[in-house]
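Working notes for the structure below.
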Amino acid sequence: MKYLITGGNGFVGTFIKDSLLKDGHEVKTLGKSYANDFQVDLTLKNIIISEDFDVIIHSASIVHNSSHARSINEQLIITDLEITFNFLKSIESINFQKVIFLSSVSVYGIEDGIDISIFQPLSPKSGYGLSKCISEKLFQQKIIPKKLLILRLPLINGPNPKGNIKKAVNAINSGKMFLFKGNKATKSVLELDDLYNFIVSESIKFNGIHQIKSYDIRFNDFIQALTSKRIYCLPNFILEFLLISSKAFRLNKIQRTLVKFSKDLTFLDTTK
């Protein structure tokens, strides 16, 4: 099959591109570096694409930016939406079977919960979540329903991980990472292998909005699996004390970090 990928040099896009090529598919990429088949900065303009594709995957967006991930930064949101808008302009005159937009569970704006379904109300609390939420609506306006699949992705793991997983690995390697004994918080994780297999074998069958995950795992077990080093565990009462203290003294950054690894956050595999 013939694929077009935006964000082909990013964490997710690179893995999907390399896997497709390894399996003998034809792949072209769109992005701002000269390594792309279609070279364009989507934050500035669109590009005319004159060839057809079987599947188009849009993974380009602003990621791993602390301001975009934690707060509402108007300029970053506008830039993210320009990427989506210009991409949609670029493909409006070509033929394809399916467009896959890689969205995020951040559109819900929640930091804890168990078995969250796709019918959870949208209330993004970050610029990243808000831009994904608006981009979903742009895709729904521009792409006919039977050709559109929106995937809301949870925490993503794979070779050379980025974001919070990368921070954890760096902290482990520098000896600054510790866990709390008795912490039973569980997270949903999506392995890149599973995302790739879903795209090549299942995506044509689905349309609408879909949540996908590989498994639910206790945070402590997940972090420990990232390294062969022993990670020191503190008593759980220290975690409770820090949670209460950070809230009382409005130490929002510390509280958000503590909540991330002390609260359940799992999602159901569901389609809308």
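The values are calculated or read from the model by the stated rules, or taken from the named source; none is laboratory data. What you are looking at is a predicted structure, and each value in this text was computed from that prediction instead of being measured. Backbone-built Cβ (ideal geometry, glycine too); neighbour counts: all protein chains shown.
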* Where residues in the range 142-160 are of a type outside the set (A, V, I, L, M) and in contact with a helix residue (DSSP H, G or I) (Cβ under 9 Å, 6 or more places away or on another chain), which of them is surrounded by the most Cβ atoms within 10 Å (Cβ to Cβ)? -> Arg152
* Test Phe87 against the stated conditions and say whether it is outside any strand (DSSP E or B), on the phi < 0 side of the Ramachandran plot and crowded, with 21+ Cβ neighbours inside 10 Å. => yes
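Could you say which residue among Ile94, Ile47 is in contact with an Asp or Glu (Cβ under 8 Å, 6 or more places away or on another chain), surrounded by fewer than 19 Cβ atoms within 10 Å (Cβ to Cβ), of a type in the set (Val, Ile, Thr) and in a loop (DSSP other than H, G, I, E, B)? Explain how you work it out, then say what you get.
On the way: Ile47 fails: in contact with an Asp or Glu (Cβ under 8 Å, 6 or more places away or on another chain).
Result of the check over Ile94, Ile47: Ile94.
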* **Residues of the range 224-251 classified as loosely packed, with under 13 Cβ neighbours inside 10 Å and modelled with pLDDT of 75 or more, total** => 11
* Quick one: what pairs do we get from the range 176-201, first residue at positive phi, second part of a helix (DSSP H, G or I), C-beta under 6 Å, 6+ apart or different chains? -> Gly182/Asn236
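Give Val99, Val107 a once-over and let me know the one that is touching a strand residue (DSSP E or B) at 6+ places or on another chain (Cβ under 7 Å), among the hydrophobic types (A, V, I, L, M, F, W, C) and in a helix (DSSP H, G or I). Working first, answer last.
Working: Val99 fails: in a helix (DSSP H, G or I).
Testing whether each residue is touching a strand residue (DSSP E or B) at 6+ places or on another chain (Cβ under 7 Å), among the hydrophobic types (A, V, I, L, M, F, W, C) and in a helix (DSSP H, G or I) leaves just Val107.
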* Asked: Within the range 72-82, is there a residue that is closer than 22 Å to Arg152 by Cα, surrounded by 14 or more Cβ atoms within 10 Å (Cβ to Cβ) and touching a residue at least 60 places away in the same chain (Cβ under 8 Å)?
  -> no
